[in-house]
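**Student:** Quick one: this structure, given as structure tokens, is what I'll be asking you about.
The values are calculated or read from the model by the stated rules, or taken from the named source; none is laboratory data. This structure is a prediction, so every number in the text was calculated from the model and none was measured. Ideal geometry is used to build each Cβ from the backbone, glycine not excepted, and the neighbour counts take in all protein chains shown. All accessible areas refer to the heavy atoms of the entire protein, side chains included, with ligands and DNA or RNA removed. Shrake-Rupley method; radii C 1.70, N 1.55, O 1.52, S 1.80 Å.
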Amino acid sequence: MIWADDPAFCAPTLPAIWLVATPARPANRADRSRLRRETAQAVLARQDRFAEAGAEIGHLASGQPVLRARPGLHLSLATRGGVVAVGLARSAVGVDVEAVDPAGEIPFALLHPQEREALGSLPGEAQAVAFALIWAAKEAYVKALGTGLLRAPESFAVALRAEAEFSVFDPERADSPRGQTRLIKNGGQVALAAAAIVLDAT
């Protein structure tokens, strides 16, 4: 999996994830959606394999973004704190970005027991970072599944691994999919957590 922060970067292979920092701070859902779409179109239009017409983004009834002219490619988008995540792959892909909030209350009731146990052993700031990574990974996974949070977040477990990786234990799957994470700093402090996962076609 290739990660890039330059929207003009042309990925030589897929999957690829772009984390694009923008000055925008969208105040509502419509503005966030517009920022995601415009940023993704700018990223995709610069890829060697795309003409402008091939970067048109539509949405399925479930809300998933799709490339109208490229049914063989899969797209996932996310926005948080002015950062837009764009994921592109040849099979189902999910990306998400979450804020790290050391003062925030962690919704333990929405977590799998294994995740609660892992977080409970960590001190304050490390716990906030780990929670943001876990939640970003959970959101990325359900996006790749195509369910979004219609799938109960406590019904499967994310385990953070070394080397910026995570794995998913899902009782509805025979395998244990793995994804990747990234941390985004602002002024030396961890501000955002990003995660991405690609699910092989079965």
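**Student:** Residues of segment 91-113 with the amide nitrogen closer than 16 Å to a label point 7 Å from the Cα of Ala152, along Cα-to-Cβ, please.
**Tutor:** 108-113
**Student:** Distance in nm between label sites at Ala21 and Ala109, each 7 Å beyond Cα in the beta-carbon direction?
**Tutor:** Each label point is offset 7 Å from its Cα along the Cβ direction, giving 3.7 nm.
**Student:** Taking 0.36 nm per intervening residue step and subtracting the Cα-Cα distance, what contour gain separates Ala164 from Ala45 on full extension?
**Tutor:** Going from the current span to full extension adds 39.9 nm.
**Student:** What is the percent of Cα-Cα separations in segment 63-148 that go past 14 Å?
**Tutor:** Cα-Cα pairs in segment 63-148 separated by more than 14 Å: 67 percent.
**Student:** In segment 70-104, which residues have a backbone nitrogen under 18 Å from the label point lying 7 Å from Asp31's Cα in the Cα-to-Cβ direction?
**Tutor:** In segment 70-104, the label zone of Asp31 (backbone N under 18 Å from the point 7 Å along Cα→Cβ) covers 78-85, 99.
**Student:** So how exposed is Val93, as accessible area in Å² (1.4 Å probe, rounded to 10)?
**Tutor:** 10 Å²
**Student:** Consider just the alpha-carbon atoms of the chain and return their Rg together with their Dmax, both in angstrom.
**Tutor:** Just the Cα atoms of the chain yield Rg and Dmax of 16.4, 50 Å.
**Student:** So, with a 1.4 angstrom probe, what is the percent of accessible area on the chain that is carbon and sulfur?
**Tutor:** The computed percentage sits at 51.
**Student:** OK, next. Which whole-number percent is the relative contact order of segment 62-202 (Cα, under 8 Å, 6+ apart)?
**Tutor:** 26 percent
**Student:** What is the extension gain from Ala4 to Ala69, computed as 0.36 nm multiplied by their sequence separation minus the C-alpha to C-alpha distance, in nm to one decimal?
**Tutor:** Extra length available between Ala4 and Ala69 comes to 21.0 nm.
**Student:** A further question follows. What FRET efficiency comes out for the pair Thr13/Glu117, r = Cβ-Cβ distance, R0 = 35 Å, nearest 0.05?
**Tutor:** Efficiency for this residue pair is about 0.40.
**Student:** Can I ask one more? Can you tell me the alpha carbon radius of gyration of segment 4-96 divided by the globular rule-of-thumb value 2.2 N^0.38 Å?
**Tutor:** Normalised by 2.2 N^0.38 Å, the Cα Rg of segment 4-96 equals 0.99.
**Student:** Take the Cα pairs of segment 128-202, get the Kirkwood Rh, then feed it into Stokes-Einstein at 25 °C and 0.890 mPa s and tell me D in µm²/s.
**Tutor:** This corresponds to a translational diffusion coefficient of 193 µm²/s.
**Student:** Sticking with this one: Using a Förster radius of 45 Å, what is the FRET efficiency between Glu125 and Arg173 based on their Cβ-Cβ separation? Nearest 0.05, please.
**Tutor:** Calculated value: 0.85.
**Student:** Do the sum for the chain: with -39,500 (n - 2.57) for every DSSP H run of n ≥ 4, divided by all residues, what is the mean residue ellipticity at 222 nm, to the nearest 500 deg cm²/dmol?
**Tutor:** Mean residue ellipticity, 222 nm, calculated: -7500 deg cm²/dmol.
**Student:** Please calculate how many Å² of accessible area segment 48-163 carries per residue, with a 1.4 Å probe and no DNA, RNA or ligand atoms counted.
**Tutor:** Using a 1.4 Å probe on heavy atoms only, each residue of segment 48-163 averages 47 Å².
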